[in-house]
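The values are calculated or read from the model by the stated rules, or taken from the named source; none is laboratory data. Small disclaimer: the values here were computed from a predicted structure and weren't measured. Cβ placement follows ideal geometry from the backbone for every residue including glycine, while neighbour counts extend to all protein chains displayed.
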């Protein structure tokens, strides 16, 4: 991906040299050249391209390169700055505005390319960090339960509620009146079920949230079953209800 650049210098020959160096560098793309800091500010408002790097002369009339760098730094996504100057004493000042590099005139193409490569490395680093995180794996639509020495595939959409019975859980289904009995704790079952779709509302019950037909006081109705809301689960269930309503 090309790096969009501007060059700003009030010396025509120096400006022409920087622009020539930019244009002969394959990964740089010159999108603006300006003879003063004021002209650059005006031109930047008209640019449609995002500027990644600005080559700025420090000693300019009206608006110096340092002042222009501070103005550009206030933008939401400011360009990185590479200063070009005949005065090495400004090097310390350049670092105060977080300059990427500092070229002392007269500089040759090799020195210019070294600074340009810093800009390229920075662009590649930020691009890698900006890459979107991989999409999360799709949520499973089923679980497997061990029932009477066999594994049974149970669709999450078929579960009405789960009842804890000491060392067993009893899974009540929409598709059949016969519940499934599995040797496991209710806590283990809770960990299997996606929290977005299921909630434990009592020490003995987990309910499918989309199967709740009505709520009355501290009970929920799922089909013909009235299930109590336990004291320690009231707050979490109340938060769900505030979104549900």
- [ ] Confirm whether residue 146 is at pLDDT 85 or above and in a helix (DSSP H, G or I).
- [x] no
Task: Meets criteria (out of contact with any strand residue (DSSP E or B) (no Cβ under 6 Å at 6 or more places or on another chain), crowded, with 16+ Cβ neighbours inside 10 Å and closer than 17 Å to residue 156 by Cβ) for residue 186 - done: no
TODO: Being under 18 Å from residue 103 (Cα atoms) and surrounded by fewer than 18 Cβ atoms within 10 Å (Cβ to Cβ) is the filter; apply it to the stretch 15-34 and report the residue that is farthest from the chain's Cα centre (by Cα).
DONE: 16
Open item on the list: Can you tell me which condition residue 176 does not meet? The list is (1) within 20 Å of residue 228 (Cα to Cα); (2) exposed (fewer than 15 other Cβ atoms within 10 Å of the Cβ), and all the others hold.
Closed with: (1)
Open item on the list: I'm checking my understanding of the structure. Among residues of the stretch 35-60 that are buried (at least 20 other Cβ atoms within 10 Å of the Cβ), touching a residue at least 40 places away in the same chain (Cβ under 8 Å) and part of a loop (DSSP other than H, G, I, E, B), which one is nearest to the chain's Cα centre (by Cα)?
Closed with: 52
Open item on the list: Tell me the residue from 35, 65 that is in contact with a strand residue (DSSP E or B) (Cβ under 6 Å, 6 or more places away or on another chain) and more than 21 Å from residue 121 (Cα to Cα), please.
Closed with: 65
Task: Matching option when the condition is in a loop (DSSP other than H, G, I, E, B) and in contact (Cβ under 8 Å) with a residue 12 or more places away in the chain, among 190, 163, 140 - done: 140
Open item on the list: Given the options 99, 135, 123, 91, name the one that is over 20 Å from residue 4 (Cβ atoms), modelled with pLDDT under 90 and surrounded by 13 or more Cβ atoms within 10 Å (Cβ to Cβ).
Closed with: 91
Task: Selection within the stretch 210-245 - touching a strand residue (DSSP E or B) at 6+ places or on another chain (Cβ under 6 Å) and either outside the structural domain of residue 172 (by TED's automatic domain parsing) or part of a helix (DSSP H, G or I) (or both) - done: 211, 233, 237
TODO: Specify the residue that is surrounded by the most Cβ atoms within 10 Å (Cβ to Cβ); the eligible residues are those in the stretch 72-88 that are under 13 Å from residue 98 (Cα atoms) and touching a residue at least 12 places away in the same chain (Cβ under 8 Å).
DONE: 83
Task: Considering residues of the stretch 1-14 that are assigned to a loop (DSSP other than H, G, I, E, B) and more than 17 Å from residue 85 (Cβ to Cβ) only, the residue farthest from the chain's Cα centre (by Cα) - done: 2
